[in-house]
Every structure is written in C-alpha cells, then in structure tokens.
Amino acid sequence: MLKGVNRVLLGLLGLGLFALGGGVLLGGLDLQRHWGFGVPGWWPFRGPDDVVLGTEGRTRWREEGWWWPTVIAVLAVLLALLLWWLFAQRRHRLSQVLVDSEDGAAARLDGRTLEDVIEEEAQALDGVSRAQVRLTGRRTAPAARVRLLLEPHADPERILGQLSREALAHARDSAGLDRLPSKVRLREARHRADRVA
C-alpha cells in the first residue's frame, strides 16, 4: 500500500511542479508572443517582466490579524505531514524476536543475530555471491526481506528452493515460529567479459 501511496503522491507532486515550471517558462521566455497564442485572463505570468508574487500579493493580508497564524499553522501541518511521510519510508527493523520457551515465559532473540545467521546460510548456497536479510513486522510475528546477489551461473529456481527449505526453515524452527513469511529479491551480479587473446 505504501508503494501505491508513494507513486500517487509523487505523480501529483510531479504534475504540479511540471505545470508550475511550464507556466513560469511560458511567461519568462515570452512564448505566447513569439508563437502567437493567447493565455487566459487569470494567467499570472504574461511576460518576462512579471514576477511570481507581486507587491499586491505579498502585502494584501499583512494588516489582518489571522493571516500570519494561519500561514504558520498551514506550514507547520505541511512540515509534519512531510516528516511523517519521510519516516514512513523507513521500514521498521526488528531488534528482538519473542520466542515461546514453552515454560510460560517468552525468551528474547536478538533480531540482528537472526538476520546474520540467515545471511551466512544464504551466502553459503552455491551461486549466491552476497546475501542481505532484514527482519520486519512484529516481535511475535516477524517477516524476512531477503536480497540475493546471484553469480552468472546460478539457477534462481534451485536457489529459491534451497533458501526456503534450508536457511529460512532453520531460522523459523530455531526461533520456534509457526511461520516466517519472506520476500526474496534476486539480482544478478555483473561481470566483465572474458578477454580472448
């Protein structure tokens, strides 16, 4: 869902900036006069001498008591929304996983340690050049995000099967989890062409 919201927001922001930049460019280069077309009466930029915000626009509300508090409140809300959006991009990384020790108390397993173990086991697979693992989700229901850099000779289907049956299954069983949902991203390592003499 976050990807969809990001795309919509970035698309709208891009369209707005494109329209604003196009309007300023249209007036700044005096294209309507050069190309012989007219602009609507409400169009703010009519020529190279026009400014984005004129004297009347800057001073119109200065004497009103509500103007500056409203401007500051709107900018503060906008800043808070932008900061929320920025922090929402950062995926929450689990620092601990709660393990059921079957004696009524929950044991805590260090999340980074579990990530390192999965990484080492995944990197030991034939055809994997590098592995990166990040645990996300809740402490009682973690999920794994795995990125694998594959060597040119690697068989992705075999590697995915081994990763699921070995590294992820071992992590799930050792942490006493019922399930460990995982997203795996595969990328092929670039290599230089062999030089033939």
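The values are calculated or read from the model by the stated rules, or taken from the named source; none is laboratory data. Because the structure is a prediction, the values reported are computed rather than measured. Cβ placement follows ideal geometry from the backbone for every residue including glycine, while neighbour counts extend to all protein chains displayed. We work out accessible area using only protein heavy atoms, side chains counted, and drop any ligands, DNA or RNA first. Shrake-Rupley method; radii C 1.70, N 1.55, O 1.52, S 1.80 Å.
Output the residues belonging to region 152-181 that are charged (D, E, K, R) and at pLDDT below 90.
ASP155, ARG172, ASP173, ASP178, ARG179
Any residue at all in region 106-113 that's in a loop (DSSP other than H, G, I, E, B) and of a type in the set (S, T, N, Q)?
No, region 106-113 contains no residue that is in a loop (DSSP other than H, G, I, E, B) and of a type in the set (S, T, N, Q).
Tell me, yes or no, whether region 148-164 has at least one residue that is free of Cβ contacts under 8 Å to residues at least 40 places away in the same chain and touching a helix residue (DSSP H, G or I) at 6+ places or on another chain (Cβ under 8 Å).
The answer is yes; a qualifying residue exists.
Being within 30 Å of ALA143 (Cβ to Cβ) and either in a loop (DSSP other than H, G, I, E, B) or over 33 Å from the mean Cα position of the chain (by Cα) (or both), is that true of even one residue in region 73-83?
So far as region 73-83 goes, no, none of its residues is within 30 Å of ALA143 (Cβ to Cβ) and either in a loop (DSSP other than H, G, I, E, B) or over 33 Å from the mean Cα position of the chain (by Cα) (or both).
Out of all the residues in region 50-68, which are assigned to a helix (DSSP H, G or I) and surrounded by 10 or more Cβ atoms within 10 Å (Cβ to Cβ)?
Residues satisfying the conditions are GLY57, ARG58, TRP67, TRP68.
Cβ contacts < 6 Å: first residue within 30 Å of ARG46 (Cβ to Cβ), restricted to region 1-26; second residue not aromatic (Phe, Trp, Tyr), any location; separation 6+ or different chain. Result?
Correct list of pairs: empty, since none qualify.
When you look at VAL71, is it modelled with pLDDT under 90 and touching a Pro at 6+ places or on another chain (Cβ under 7 Å), yes or no?
When the stated conditions are applied, VAL71 does not pass them.
Out of (1) open to solvent by 50 Å² or more (accessible area, probe 1.4 Å); (2) at pLDDT below 85; (3) in contact with a helix residue (DSSP H, G or I) (Cβ under 9 Å, 6 or more places away or on another chain); (4) in a loop (DSSP other than H, G, I, E, B), what's the single condition that is false for GLY47?
Condition (1) is where GLY47 drops out.
Here's the yes/no breakdown for (1) open to solvent by less than 50 Å² (accessible area, probe 1.4 Å); (2) under 20 Å from the mean Cα position of the chain (by Cα); (3) within 30 Å of VAL8 (Cα to Cα); (4) of a type outside the set (A, V, I, L, M, F, W, C):
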residue: VAL99; (1), (2), (3), (4): yes, no, no, no
residue: ASP103; (1), (2), (3), (4): no, no, no, yes
residue: ASP110; (1), (2), (3), (4): no, no, no, yes
residue: GLU115; (1), (2), (3), (4): yes, no, no, yes
residue: VAL146; (1), (2), (3), (4): yes, yes, yes, no
residue: LEU168; (1), (2), (3), (4): yes, no, no, no
residue: ASP173; (1), (2), (3), (4): no, no, no, yes
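Here are the criteria: (1) at pLDDT below 85; (2) of a type outside the set (D, E, K, R); (3) surrounded by 13 or more Cβ atoms within 10 Å (Cβ to Cβ); (4) out of contact with any Pro (no Cβ under 6 Å at 6 or more places or on another chain). Tell me which single one ALA88 does not satisfy.
Result: ALA88 fails condition (3) only.
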